[in-house]
1. Can you tell me which residue is nearest to residue 324 (Cα to Cα) among those in region 346-400 that are assigned to a helix (DSSP H, G or I), polar (S, T, N, Q) and under 54 Å from the mean Cα position of the chain (by Cα)?
2. What number goes with the only condition from (1) more than 30 Å from residue 122 (Cβ to Cβ); (2) in contact (Cβ under 8 Å) with a residue 12 or more places away in the chain that residue 525 does not pass?
3. Criterion first (open to solvent by 20 Å² or more (accessible area, probe 1.4 Å), assigned to a helix (DSSP H, G or I) and touching a Leu at 6+ places or on another chain (Cβ under 8 Å)) does residue 411 satisfy it?
4. If you take the residues in region 219-248 that are open to solvent by less than 60 Å² (accessible area, probe 1.4 Å) and among the basic types (Lys, Arg), which one is farthest from the chain's Cα centre (by Cα)?
5. Considering 22, 60, 42, which residue is closer than 20 Å to residue 99 by Cβ, of a type in the set (Gly, Ala, Ser) and out of contact with any helix residue (DSSP H, G or I) (no Cβ under 7 Å at 6 or more places or on another chain)?
6. Can you work out which of the residues in region 4-44 that are among the acidic types (Asp, Glu) and open to solvent by 90 Å² or more (accessible area, probe 1.4 Å) is nearest to residue 88 (Cα to Cα)?
7. If we keep just the residues of region 157-203 that are open to solvent by 60 Å² or more (accessible area, probe 1.4 Å) and assigned to a loop (DSSP other than H, G, I, E, B), which is nearest to residue 289 (Cα to Cα)?
8. Checking residue 347 against (1) under 30 Å from residue 153 (Cα atoms); (2) without any contact (Cβ under 8 Å) to a residue 12 or more places away in the chain, only one condition comes out false. Which one?
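The values are calculated or read from the model by the stated rules, or taken from the named source; none is laboratory data. If you're wondering where the values come from, they're calculated on a predicted model, not measured in any experiment. Please note: Cβ atoms are built from the backbone with ideal geometry, for glycine as well, and neighbour counts cover all protein chains shown. For the accessible areas, the whole protein counts, side chains as well, though only heavy atoms, and no ligand, DNA or RNA atoms are used. Shrake-Rupley method; radii C 1.70, N 1.55, O 1.52, S 1.80 Å.
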Amino acid sequence: MALFKCKMCGGTLEITDGLTVAECEYCGTKQTLPKLNDDKKANLYDRANYFRRNNEFDKAAGIYEQILSEDNTDAESYWSLVLCRYGIEYVEDPVSHNRVPTVNRTQYNSVLTDKDYLSALKYADLYQRVIYESEAKTIDDIQKSILAISRSEAPFDIFICYKETDSLGMRTPDSVYAQDIYKALTDEGYKVFFARITLESKLGTAYEPYIFAALNSAKVMLVVGTKPEHFNAVWVRNEWNRYLSLIKNGEKKTLIPIYSDMSPYELPEEFSYIQAQDMGKIGFMQDLLHGIKKLIPTDQPKTTVVKETVITAAEGNNVATLLKRAFMFLEDKNWASANGYCERILDIDPENAQAYLYKLMLDMKVSKLDELQNCSQSFDSNPNYQKVLRFGDAEFAELLKDYNAQISSRNARAKLESVYARAVSTMNSAAKASDYLEAARMFRQAGDYKNAAFLADDCTKKADISTKTAIYNAAVADMSQNTFSGYEAAIRKLESIPSWNDSAALLDECQTKYARLAAQKAQAEEASRKQAQLELQRLEKHVAGLKRNKVILLVTLLLQIVVSVFGCIIPAIFEGSEFTIGSILGYIAVVILFNLFSFLFPIIAFASGSRIVKVLAYISATVGTLFWGILGIFGVFVSYQGDPADLAMGLAFLIWSFIHLIPFITLFFMTNLNMKRKRL
C-alpha cells in the first residue's frame, strides 16, 4: 500500500496497489491516480501536485514532463499537464463543500481538443476516462463562459502587471509605482489595464475573463516590481508568463520589465533578453512614454504627427479645424457629416493623409483608429488606404500595414478554426472508416493549426481500426454460417488483417473447421458412392433374376409338353386311342395350366419379398410334388400290368414330381439365406 497526497486538498491517501481511482477521506473528492511504480515517482508527483495546488503551474508542468520522459504512457501525467496549461485551481464550494475547478489560464483552444487531454484518454483505463471526460466537460463549460465575457470587453493598449499586497496584506511600493505609471499613460490617451482600478467594479466576480481579455488585447505589458520575490509571486508570474507565451506564439506584443531598488540581474531569468527600465533613473517616465508612443501611437498625438509630416500645403487653421470637426463626427458615428468635412479638407489639400485616413475609417465604419485592427475584412484594396500609404509618413503607414496584417492573420486563423471545428465535429460523430478519413482530410487542410496534425494522424489510425474491425466482424458473421462458402469468405477476410486482435487464432480455427467440413463432405460422398454401387449390384441381380425366370419358364413349358407327350399322349397311342390335333392340344393345355400353379408360381415367388406369397408358394410346390408323385407311384407300382405305356406314364409322373421339388428346395434355402443376412 502506497501513500499519496490528494490532488485537491493535500491530504494523505493510502493507495492499494493496482487502483487507478480513489476517494479522499478529507475532502471527499473522487480523483484519478498515477502509476506509482516506486517512491521516486511518488515523490515527484507529490512535489508537482504541491506546486500546482499553489498555482505555480510552470514549475509543476516541468516535473510532469520529467515523469513523462520516463513513462510516456502515464495518463495522469498528461491530465496534470492539462490542469497546468489551463491554470486549474480546485476551490471549495461554500454550499456543497465539494472541490470545483476554476480556470486561471484561459485559452482560445478548447480543452476537449488539447493534445495532452487526448493522450490522457488514450492511456487511461475505463474508470479514469470517465473522470477525465467529466472534468474536461466542466472546464470547457467554464472556459466558454469566460470567453463569452471577454469578447464583450473593450480592448486595452497596455497591461500593468504588479504585486498589490505583501505577506501582511499591506499595499506594496510596486502598487504605488504602478498607479503613477497608470495615470501618466491614461493622461496620454491610452487604455490601460491596472487591476487596482480596472477590477474595482468587478468585486465579488471572477477576474479571469477580464484578465484574459486584457492580456490578449494589450499590445504592451509593463511588469513593475521592487523585489525579486515580487516578480516571482505566483499571480504576477502567472500573468507575465502567459503574456510571454502569447509572444512566443507569434503575437506582436512587447513586454517591458520595470524595476526599482534592485539589480537588473535579479530579474527573472525569462527577462534576461529583454531591455528593462529602471524607475530610479532620472527621466524614467519620459523615456517610458516615448518608447510606448513608438509602439502604440494614441489617437490625438497621431493626429498631430500626421498633420505635421504629411500635409505639404494649406497647413493653416482652416484645415486643422476641419480635421477636428471630422474627427468629432467620427467619434459620434455621424458618417455622412464626417465624410462631408473630409471632402472639404481634400478640396483644400488633395494629399492630406489624415483626411484619407478618416475616409478609410468611414468606409470601415469605425470611430477610432485602433478599431481598424478589429475590422472583419482587410482593407488592402481600399483606395483611401492606398492614398494614406502614398501620402502618409513611413511609421504611420507601417502601423496601418500592421493592422491589415492582424486582420488577415485573424481571418486566416478564423478560417482554420472553422475547418478545425468542422473536422472535430466530423471526428466526434464518426461512425465508420470513411468518416474518420474525411475528418483526417479536413485536419490536414488546417495544417499546423492547434493540434490538427496530431488529430489527422489519430483519425487515420481510427479509420484503420474501424476498417479492420468491420472486416473482423464480417469474418465472424461468415464463420457463423458454418458453410464452405462462409468459411472461404472468412478466410479471405482474416488473411487481409493477419495481426488484428485474435485474427490469427480465428484464421486457424476457420481453416480447421473448413478442413473438417471438407472431410465430412468427402465421407458423405464416399458413402453415397458405395450405396449407389450396392444399388447397381442389386439392380443387376434383379435383372439377372428376371432373365433366369424367363429361362425357367421356357424350360418348364418344354417339360410340360414332354411330360404331356410321354405321360398322356404316347401311352394313349399304345393303347390304340384315337387322337385328334384338338384333343392333343387340349391335353397339353390342361397339364400346363395345372403346372403353372404347382411349379411356375413357386418359381416366380422365389424373387418376391412377401411372406404371404412365399407361404402360398410352399403350399403350391408341396401340392404339385405330392400330386405328381402319387400319380407316378400309382402308375408304376399299382396299376402296372406289364403294359409299357403304363410304365412310361408312371415314370413321367415321378420325374415331374421330383422336378416340383426344385422350387420347394430353392425356396427353403433362399429363405434361410435371407434370415442369415438379416442377422448379419
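1. Filtering region 346-400 for residues assigned to a helix (DSSP H, G or I) gives 346-348, 353-364, 369-374, 383-391, 394-400.
In the following step, the residues that additionally are polar (S, T, N, Q) were identified as 354, 373-374, 384, 386.
Cutting the leftovers down to under 54 Å from the mean Cα position of the chain (by Cα) gives us 373-374, 384, 386.
Values: 373: 22, 374: 24, 384: 19, 386: 22 Å.
Among them, the one singled out is 384.
2. Among (1) more than 30 Å from residue 122 (Cβ to Cβ); (2) in contact (Cβ under 8 Å) with a residue 12 or more places away in the chain, residue 525 violates only (2).
3. On the way: open to solvent by 20 Å² or more (accessible area, probe 1.4 Å): yes; assigned to a helix (DSSP H, G or I): yes; touching a Leu at 6+ places or on another chain (Cβ under 8 Å): no.
When the stated conditions are applied, residue 411 does not pass them.
4. Narrowing region 219-248 to residues open to solvent by less than 60 Å² (accessible area, probe 1.4 Å): 219-226, 228, 230-231, 233-234, 236-247.
Now narrow it down to the ones that are among the basic types (Lys, Arg): 219, 237, 242.
Working: 219: 43, 237: 41, 242: 35 Å.
Taking the candidates together, the pick is 219.
5. Details: 60 fails: out of contact with any helix residue (DSSP H, G or I) (no Cβ under 7 Å at 6 or more places or on another chain); 42 fails: closer than 20 Å to residue 99 by Cβ.
Just a single option satisfies the conditions, and that option is 22.
6. Here is the first cut: in region 4-44, the ones among the acidic types (Asp, Glu) are 14, 17, 23, 25, 38-39.
Next, from what is left, pick out any that are open to solvent by 90 Å² or more (accessible area, probe 1.4 Å): 14, 17, 23, 25, 39.
Working: 14: 24, 17: 28, 23: 19, 25: 22, 39: 26 Å.
Among residues in region 4-44 that are among the acidic types (Asp, Glu) and open to solvent by 90 Å² or more (accessible area, probe 1.4 Å), the one nearest to residue 88 (Cα to Cα) is 23.
7. 191
8. (1)
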